[in-house]
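The values are calculated or read from the model by the stated rules, or taken from the named source; none is laboratory data. Every value quoted in this text rests on a predicted model; they were computed, and no experiment measured them. Ideal geometry is used to build each Cβ from the backbone, glycine not excepted, and the neighbour counts take in all protein chains shown. Side chains included, ligands, DNA and RNA excluded: accessible areas come from the protein's heavy atoms. Shrake-Rupley method; radii C 1.70, N 1.55, O 1.52, S 1.80 Å.
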Amino acid sequence: MSEEISPQIFEHLVQLAALELGAEEAEYLRRQLNNQLGAIHELEAIPLDPDLAITSHGIPYTPQISPAPRADEWRPFAHPEDILSQAPQFEDGYIVVPDIPHEELE
Amino acid sequence: MTATELCDLSAIQIREMVRRREVSAIEVLDACLERIAAVDGRPGRLDPDGLTPEDEQRVHAFISLTPERARAQAAEVDRKIAVGEDPGPLAGVPFSVKDIFCVQGTPSTAGSRILANFIAPYTATPVARLEAAGAVMVGKVNLDEFTFGSSNESSAFKPTPRNPWDLSRVPGGSSGGSTASVAAGEVILSLGTDTAGSIRQPAAFCGVVGVKPTYGRVSRYGLIAFASSIDCPGPIARDVTGAAMMLQVIAGADPRDATAAHVPVPDYTAGLERGVRGLRIGLSPDYFRITVPDGQGGFTQTAIAPEIEAAVRRAAQLLAEAGAEIVEDVPMPNTRYGIPVYFVISRVEAASNLHRYDGVKYGYRTPQRVADLGEMYRKTRAEGFGQQPKLRILMGMYVSAAQYSEQYYTRALRVRTLIRRDFEQAFDPNGPYRLDALLTPTTPTTAFPIGAIYGDSVLMQYADQLTVPADHAGVPGISIPGGLEAVIGLETHIQLNTLTKIFCGCKADSWFDPPNTNICPVCTGLPGVLPVLNRTVVEKAVLLAAAMHAQIQPLSYFDRKNYFYPDLPKGYQISQYDRPLAKGGYLELPIPGRDLDLSSGRSGAHTSQGYIRYVSITKLHIEEDAGKTKNEDGRRLIDFNRCGVPLVEMVTGPDLRSADEAAQYLIRLRQLLRWLGVSEADMEKAHLRCDANVSIRPKGAQYLNPKTEIKNVNSIDAVRTAIAAEIERQIREVEAGRQVEAWTLEWDEDAGVLRKMRSKETEADYRYFKEPDLLPIRLDDAWRDAILAQLPELPLERRARFVRQYGLPEYDADILTGERSLSEYYEAAVQAYGGDPKRVSNWMMNDVLRMVNELGVSAGELRLKPAYLAEIIKLVDAGTVNTSTGKSLLLKVQETGRPPADIVQAEGLAKVSDDAAIRAVAGEVLAENPKEVESYKAGKVTLLGWFVGQVMRKMGGKADPNLARKILEELLR
């Protein structure tokens, strides 16, 4: 198994993903990722023509079948309170979360 | 402490550490030798091979290293300290010596083939004194041949030295090797010489301190002579204290030099603590002008570059804040003759000083077969000297030969007296200026590229025009680095004034709405929602891109920028990354000239000229806005009203150079956005947001240092203040020897200070990928042309056209094109008026503009239409109404919307020019005011104006005032 994703790289990924993992779970997931990389590396063996274009959606979108951008018309959503009632913490019109860390410049 | 850092310390730090045995002199020497090995590359040689790419990345300060000698000296210093003997005031401090000084046992070449093989049998006095003081000589550094030059390019030993700050540029000359070796941290001090500026000019180019002492302060014994009556050995260091310590050691009388003055040497280092409090420091307009060849064989004077003048004035401001008194307008009128005088005097002395290089006693002798002594002389000197010595020898011969001497040489010596007198007057303690020092730029330009000037001997010599006067007058001079420039780029986010958000049908503007009321499932990132692009967003962005001269892309893509933040509901922002709507672009930003007033409340004696700053645009793309958060009692409150508002992000290159320029950019950008109708651009309402990227570097450098990012500046004034504060902070850090780190800072408007924010994620961590929920923006020709048909004449273009077409002064044109509907109003009025456009301009700038401001409307919204304004002016021209009635008509037309002629008729406002009518009223006024009539007749003729006023009052302001005055004068006779 390759060590391409080292514990340091894995830790960085965990931070980017805004996750928190126990040591056993982390190690298991890291090993699984490295195994999967083995499959992904299969792609490198394929010769690619430099002119080969990407396919972003499966079907090709020609101008004819592409929907046009919409007109600049106001369509207000009738029940914003239905959205806000989903929030875990809501006070006086605002959604509430804990604060963001700051550092003072000396 | 690591070896690298040791060689970057100052002289006093090293001396103290060595004396306290924290580090040995050997360790310091090794640090310098390591630095030399790392950065200097191959030393200068005669007949080297061509320049390699590696050569171009090295400094090449040295001609010969003397590591054994240095090691012996360092060991001796360490030995003395170990046994308790005094190691000297410069104990363990490594220094280099310009190879114009003889040092026993070393090649002393003067940078010339003719001395390439000369091993000096004695040591110059200044070098001997340095070694006796415990300093450690590391080697001989390169120079212009025989010190003839201002760029170090004329040395016979190649590769010639390069400027460590930017290796494609010259280090200056002739002490280029000295200043380069100090600036690169290869040595701590260097001994150079100054004849026209050869210490101070390269010191300025390399950002180090250089001192030309008073002529006669330092012995010239052992200095291979150039101009005997002008040459001065002197110190070069990275700081003023080091220069003072070095001058202390080398100064003073010498029995071997009959011109070394018997003047006691003061304690230069004690003076450092006193500072500048109470000193009178002068500024002279003659030093803010430079002489340049006019391309037709003559010379012309032009203002010095504004950045150089600004750097000197900033220095003056700092000195004033430190307690010095700045004295303006000190005349030094003979400054401009410094170079012509120098051309004559120095060449005469040099030619004679070079007589001794004849192949007889030492140095080069031609290897060719010669028929006689004369041929040996000629071939030896022709082969041994480079072009610069030959030029000086020939010129020296010419101006000193008997039949020419009176005209050139004696005359030059007399003009030298005038130059000296400028200084005597400036420094005379009983004179009008009583200066302690004169503050000037050192050089007319910053360091120029290698090869740029070499070959033009006149242009090269004029590089010294600001330093040479001190050499002629014998007075001391010091060059201090002052040229750090700010490098500023601005990131702006512009809120487009579409009706709805970019990806959903909510309103774009919700400034006055209660929180979380202008929302829908799409812009709050609920599960399952999809974005749909608003076509008007594309149209307004294309207009802006075209106005910024950017290349509009027919196909562009949206990307997801992924990160976590509570005001970003989807956890990603839809933006554009590598295939944006537009690429490139620029703005030619006019920077107005202004009065530069310094201290003591004097009115601006110096005006800086206006100029154009070219600002490139590196990014211009569309994206969606995030919501708003605020801090309350350790919690964050989130309002999503603003999520999904359409933004254009526009980023400039690092092209702005001051806080004022940044403010000007925002002013012009705001004007343009409103002009195009794509944004209200009100910074206080966050329609226009700005983050500033700020770094500093030596002036003229091409690289970029780490930058800080300033966020949360909410007005143009705040941008100016915050950037100015950050520039000052960075300069203080660098001057204290620290590095500037790439922080993100937040501007606290109320406290007026910058605070450090947590660092951002890097670009790679946003994991950009093409937004799969949106198709690319297809801007076909038809759509693009339809949009660009809306592009109006741009504000700066219209301003230029008003100046050209209507003959308006730039100031007036700037005001009249400040706002689009005002400029359209003006043109319509000029059309309708048909007469002198300047007359219309006067009425607009005084009265119409005031009305527009007071009523808070745009010119296009006035009921006082342009045609009506034209009519009113015509009525005044024709004499139908007088001027004050005309002015009151403006308001009446605005209030009623009726044509002026109608109002004049209806209210009977026509000017009364009926002689009889006025005469009758005048008679009444005089009859009712007998006391005033008496006073008038007794001689108080100013009362005439009062009588006219009374007649006007009685006639409802309609009388022709000139006629009334004539009639009254007649009646009062």
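Of all strands (runs of 3 or more DSSP E) completely enclosed by the stretch B:627-714, which ones contain at least 1 residues that are open to solvent by less than 20 Å² (accessible area, probe 1.4 Å)?
Here the list reads B:635-639, B:646-652, B:688-698, B:708-713.
Name the residues in the stretch B:268-285 that are within 19 Å of B:Phe427 (Cβ to Cβ) and either free of Cβ contacts under 8 Å to residues at least 12 places away in the same chain or in contact with a Pro (Cβ under 6 Å, 6 or more places away or on another chain) (or both), would you?
Answer for the stretch B:268-285, where residues must be within 19 Å of B:Phe427 (Cβ to Cβ) and either free of Cβ contacts under 8 Å to residues at least 12 places away in the same chain or in contact with a Pro (Cβ under 6 Å, 6 or more places away or on another chain) (or both): just B:Arg274.
Could you check, for the stretch B:35-52, whether at least one of its residues is of a type in the set (Ser, Thr, Tyr), surrounded by fewer than 23 Cβ atoms within 10 Å (Cβ to Cβ), within 21 Å of B:Ile236 (Cβ to Cβ) and within 36 Å of the chain's Cα centre (by Cα)?
The answer is no, given that none of the residues of the stretch B:35-52 is of a type in the set (Ser, Thr, Tyr), surrounded by fewer than 23 Cβ atoms within 10 Å (Cβ to Cβ), within 21 Å of B:Ile236 (Cβ to Cβ) and within 36 Å of the chain's Cα centre (by Cα).
Which members of the stretch B:933-949 meet the condition of being without any contact (Cβ under 8 Å) to a residue 24 or more places away in the chain and out of contact with any Phe, Trp or Tyr (no Cβ under 6 Å at 6 or more places or on another chain)?
Result: B:Glu934, B:Ser935, B:Ala938, B:Gly939, B:Lys940, B:Val941, B:Thr942, B:Gly945, B:Trp946, B:Val948, B:Gly949.
Filter the stretch A:61-94 for residues that are within 30 Å of B:Ile777 (Cα to Cα) and among the aromatic types (Phe, Trp, Tyr); which is nearest to the other protein chains (Cβ to nearest Cβ)?
If we take residues in the stretch A:61-94 being within 30 Å of B:Ile777 (Cα to Cα) and among the aromatic types (Phe, Trp, Tyr), then A:Phe77 is nearest to the other protein chains (Cβ to nearest Cβ).
With respect to B:Pro159, is the statement that it is within 31 Å of the chain's Cα centre (by Cα) and touching a residue at least 12 places away in the same chain (Cβ under 8 Å) true?
Against the criterion (within 31 Å of the chain's Cα centre (by Cα) and touching a residue at least 12 places away in the same chain (Cβ under 8 Å)), B:Pro159 does not qualify.
So which residues in the stretch B:114-153 are open to solvent by 10 Å² or more (accessible area, probe 1.4 Å), over 18 Å from B:Ser96 (Cβ atoms) and outside any strand (DSSP E or B), if there are any at all?
Residues satisfying the conditions are B:Ala116, B:Asn117, B:Phe118, B:Pro121, B:Tyr122, B:Gly149, B:Glu153.
For the stretch B:776-800, what are the residues that are surrounded by 17 or more Cβ atoms within 10 Å (Cβ to Cβ), in a helix (DSSP H, G or I) and under 32 Å from the mean Cα position of the chain (by Cα)?
B:Pro795, B:Leu796, B:Arg798, B:Arg799
So which residues in the stretch B:494-506 are within 11 Å of chain A (Cβ to nearest Cβ), within 43 Å of the chain's Cα centre (by Cα), of a type in the set (S, T, N, Q) and buried (at least 21 other Cβ atoms within 10 Å of the Cβ)?
B:Thr498
Going residue by residue through the stretch B:844-861, is there one that turns out to be of a type in the set (Val, Ile, Thr) and at pLDDT below 90?
No, the stretch B:844-861 has no match at all.
Would you tally the residues in the stretch B:103-113 being in contact (Cβ under 8 Å) with a residue 60 or more places away in the chain and surrounded by fewer than 23 Cβ atoms within 10 Å (Cβ to Cβ)?
Residues in the stretch B:103-113 being in contact (Cβ under 8 Å) with a residue 60 or more places away in the chain and surrounded by fewer than 23 Cβ atoms within 10 Å (Cβ to Cβ): 1 in total.
Restrict the check to the stretch B:397-414 and report whether at least one residue is in contact (Cβ under 8 Å) with a residue 60 or more places away in the chain, open to solvent by 50 Å² or more (accessible area, probe 1.4 Å) and of a type in the set (Asp, Glu).
No, that holds for no residue.
If B:Asp750 satisfies every condition in (1) farther than 30 Å from B:Lys707 by Cα; (2) surrounded by fewer than 17 Cβ atoms within 10 Å (Cβ to Cβ); (3) more than 14 Å from chain A (Cβ to nearest Cβ) but one, which is the exception?
Failed condition: (1).
Just give me the residues in the stretch B:415-451 being touching a residue at least 12 places away in the same chain (Cβ under 8 Å), in a loop (DSSP other than H, G, I, E, B) and loosely packed, with under 15 Cβ neighbours inside 10 Å, in sequence order.
Selection gives B:Arg434, B:Gly451.
Output yes when any residue across the stretch B:495-505 is at positive phi, modelled with pLDDT of 95 or more, out of contact with any helix residue (DSSP H, G or I) (no Cβ under 6 Å at 6 or more places or on another chain) and part of a loop (DSSP other than H, G, I, E, B), and no when none is.
no
Which one is surrounded by the fewest Cβ atoms within 10 Å (Cβ to Cβ) among residues in the stretch B:761-775 that are in a loop (DSSP other than H, G, I, E, B), over 35 Å from the mean Cα position of the chain (by Cα) and within 11 Å of chain A (Cβ to nearest Cβ)?
To start, the set of residues in the stretch B:761-775 that are in a loop (DSSP other than H, G, I, E, B) comprises B:761-762, B:767-768, B:771-775.
When the remaining residues are screened for being over 35 Å from the mean Cα position of the chain (by Cα), the result is B:767-768, B:771-775.
Filter once more, so that each one left must be within 11 Å of chain A (Cβ to nearest Cβ): B:767, B:771-775.
Details: B:Arg767: 14, B:Glu771: 20, B:Pro772: 10, B:Asp773: 12, B:Leu774: 18, B:Leu775: 19.
Checking each candidate, the answer is B:Pro772.
What about B:Glu491, is it in a strand (DSSP E or B), over 30 Å from B:Pro772 (Cβ atoms) and either more than 9 Å from chain A (Cβ to nearest Cβ) or of a type in the set (S, T, N, Q) (or both)?
Working: in a strand (DSSP E or B): yes; over 30 Å from B:Pro772 (Cβ atoms): no; either more than 9 Å from chain A (Cβ to nearest Cβ) or of a type in the set (S, T, N, Q) (or both): yes.
No, not satisfied.
Consider A:Pro98 carefully, then state whether it is within 9 Å of chain B (Cβ to nearest Cβ) and either touching a Gly at 6+ places or on another chain (Cβ under 6 Å) or open to solvent by 100 Å² or more (accessible area, probe 1.4 Å) (or both).
Judged against the criteria, A:Pro98 is a match.
How many residues does the stretch A:5-24 hold that are farther than 21 Å from B:Arg767 by Cα and either surrounded by 11 or more Cβ atoms within 10 Å (Cβ to Cβ) or touching a Gly at 6+ places or on another chain (Cβ under 7 Å) (or both)? If you could, list the steps in order and put the result at the bottom.
Residues of the stretch A:5-24 that are farther than 21 Å from B:Arg767 by Cα, as a first pass: A:21-24.
The next check asks that each one be either surrounded by 11 or more Cβ atoms within 10 Å (Cβ to Cβ) or touching a Gly at 6+ places or on another chain (Cβ under 7 Å) (or both); those that pass are A:21.
Summing the residues that are farther than 21 Å from B:Arg767 by Cα and either surrounded by 11 or more Cβ atoms within 10 Å (Cβ to Cβ) or touching a Gly at 6+ places or on another chain (Cβ under 7 Å) (or both) in the stretch A:5-24 gives 1.
Can you report the number of residues in the stretch B:274-322 which are assigned to a helix (DSSP H, G or I), modelled with pLDDT of 90 or more and open to solvent by 20 Å² or more (accessible area, probe 1.4 Å)?
2
For the list (1) open to solvent by less than 10 Å² (accessible area, probe 1.4 Å); (2) part of a helix (DSSP H, G or I), I need the number of the one condition that B:Arg79 fails.
Here B:Arg79 meets the rest and fails (1).
Could you tell me which numbered condition B:Ile591 fails, if it satisfies all but one of (1) without any contact (Cβ under 8 Å) to a residue 24 or more places away in the chain; (2) away from every other protein chain (no Cβ under 13 Å); (3) touching a strand residue (DSSP E or B) at 6+ places or on another chain (Cβ under 7 Å)?
It is condition (1) that B:Ile591 fails.
If B:Val532 satisfies all but one of (1) open to solvent by 40 Å² or more (accessible area, probe 1.4 Å); (2) part of a loop (DSSP other than H, G, I, E, B); (3) more than 9 Å from chain A (Cβ to nearest Cβ); (4) of a type outside the set (Asp, Glu), what's the number of the condition it fails?
Only one criterion in (1) open to solvent by 40 Å² or more (accessible area, probe 1.4 Å); (2) part of a loop (DSSP other than H, G, I, E, B); (3) more than 9 Å from chain A (Cβ to nearest Cβ); (4) of a type outside the set (Asp, Glu) is unmet by B:Val532, namely (3).
Give me the pairs, please: first residue somewhere in the stretch A:5-20 and farther than 21 Å from B:Tyr572 by Cα, second residue anywhere and part of a helix (DSSP H, G or I) and at pLDDT below 85, beta-carbon distance under 9 Å, and either six or more positions apart or on two chains.
Pairs that qualify, where the first residue is farther than 21 Å from B:Tyr572 by Cα and the partner is part of a helix (DSSP H, G or I) and at pLDDT below 85, are A:Ile5/A:Leu37.
Identify, please: which residue in the stretch B:507-525 is more than 7 Å from chain A (Cβ to nearest Cβ) and surrounded by fewer than 20 Cβ atoms within 10 Å (Cβ to Cβ) and is, among those, nearest to B:Pro776 (Cα to Cα)? Before you say what the answer is, go through the steps one by one.
Step one: of the stretch B:507-525, the residues more than 7 Å from chain A (Cβ to nearest Cβ) are B:508-513, B:518, B:522-523, B:525.
Applying the additional criterion that residues be surrounded by fewer than 20 Cβ atoms within 10 Å (Cβ to Cβ) yields B:509-513, B:525.
Numbers: B:Asp509: 26, B:Ser510: 29, B:Trp511: 31, B:Phe512: 34, B:Asp513: 33, B:Gly525: 21 Å.
Filtering first and then ranking leaves B:Gly525.
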